[in-house]
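The values are calculated or read from the model by the stated rules, or taken from the named source; none is laboratory data. Note that the structure is a prediction, hence the values are computed from the model and not measured. Every residue, glycine as well, gets a Cβ built from its backbone with ideal geometry; the counts of neighbours run over all protein chains shown. Just the protein is used for accessible areas: all its heavy atoms, side chains included, with ligands, DNA and RNA removed. Shrake-Rupley method; radii C 1.70, N 1.55, O 1.52, S 1.80 Å.
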Amino acid sequence: MILAHFLTEVNEANMYVVACPESRKALLIDAACFDRRIEMFIEEHHLMLEGVFITHDHYDHTGGVQDILRCHDARVYAGKDSIDGISAQAVRQDDKIIVGHLEGRVVELPGHIPYSVGLVFPGVVFTGDALFAGSIGGTASERDRALEIEYIQKHVFILAETCRIYPGHGPARSEERRVGKECIAVCR
């Protein structure tokens, strides 16, 4: 798997490119902005951007979708069928996202917002703002917070201990994380 991380100036949001080394097909995860570094990476590695996966509908994860689609004939995947007025393929729990010979699996991670989704590939998971380095994403209520923790435990912490977590903000982690006052081992 080809994997690249791009830290943006838009609220310090993370964007990621996942690509299949054999087919050279690529997927962008979150689209905070149109970033020339990503375009250069795609060109340098002879990739074809065929998809944009949006973890949740907040400006710091969607602000660049329109500009990216002007340059690439890519399909947009999200937890609902429209992102910033752009049609998207709505994805749900266990839907498959194919990137060349790579297969990702969608996980629902509601709480931060109702339609938050993550994407799991072998050895890695992209959580958007459901899970930050050291905390969970902000929620509107205690009920939403409890829901977010439940889904993180149900869909992320059950992954192999070697799984690396790539959040919407902050560094990737594979060690312990604090969720509320509990210390929960990542991927447990």
Being charged (D, E, K, R), touching an Asp or Glu at 6+ places or on another chain (Cβ under 9 Å) and closer than 13 Å to residue 15 by Cβ is the filter here, so list the residues in segment 36-76 that pass it.
60
Of all the residues that make up segment 25-39, how many are within 18 Å of residue 1 (Cα to Cα) and open to solvent by 10 Å² or more (accessible area, probe 1.4 Å)?
1
Return yes when residue 9 is assigned to a loop (DSSP other than H, G, I, E, B) and more than 16 Å from the chain's Cα centre (by Cα) and no when it is not.
yes
Quick one: how many residues across segment 67-96 are of a type in the set (Asp, Glu) and over 16 Å from the mean Cα position of the chain (by Cα)?
4
Matching residues in segment 149-170 (open to solvent by less than 50 Å² (accessible area, probe 1.4 Å), over 20 Å from residue 12 (Cα atoms) and not in a helix (DSSP H, G or I)) number 4
From 87, 174, which residue is within 29 Å of residue 26 (Cβ to Cβ), surrounded by fewer than 17 Cβ atoms within 10 Å (Cβ to Cβ) and either at pLDDT below 95 or touching a Lys or Arg at 6+ places or on another chain (Cβ under 7 Å) (or both)?
174
Limited to segment 7-24, what total is found for residues that are over 14 Å from residue 58 (Cα atoms) and either modelled with pLDDT of 95 or more or open to solvent by less than 20 Å² (accessible area, probe 1.4 Å) (or both)?
10
Yes or no: residue 146 open to solvent by 50 Å² or more (accessible area, probe 1.4 Å), over 18 Å from residue 8 (Cβ atoms) and of a type in the set (A, V, I, L, M, F, W, C)?
yes
Pairing a residue in segment 82-110 that is assigned to a strand (DSSP E or B) with any residue that is of a type in the set (Val, Ile, Thr) and open to solvent by 40 Å² or more (accessible area, probe 1.4 Å), where Cβ atoms lie under 8 Å and the two sit 6 or more apart in sequence or on different chains, gives 104/98
Identify all residues within segment 97-109 that are within 15 Å of the chain's Cα centre (by Cα) and either of a type in the set (D, E, K, R) or surrounded by fewer than 20 Cβ atoms within 10 Å (Cβ to Cβ) (or both); write none if there are none.
98, 103, 105, 108
Test: residue in segment 124-146 that is among the hydroxyl-bearing types (Ser, Thr, Tyr), under 30 Å from residue 2 (Cβ atoms) and under 14 Å from the mean Cα position of the chain (by Cα):
yes
Could you say which residue among 47, 27 is under 12 Å from the mean Cα position of the chain (by Cα), at pLDDT 95 or above and not small (Gly, Ala, Ser)?
27
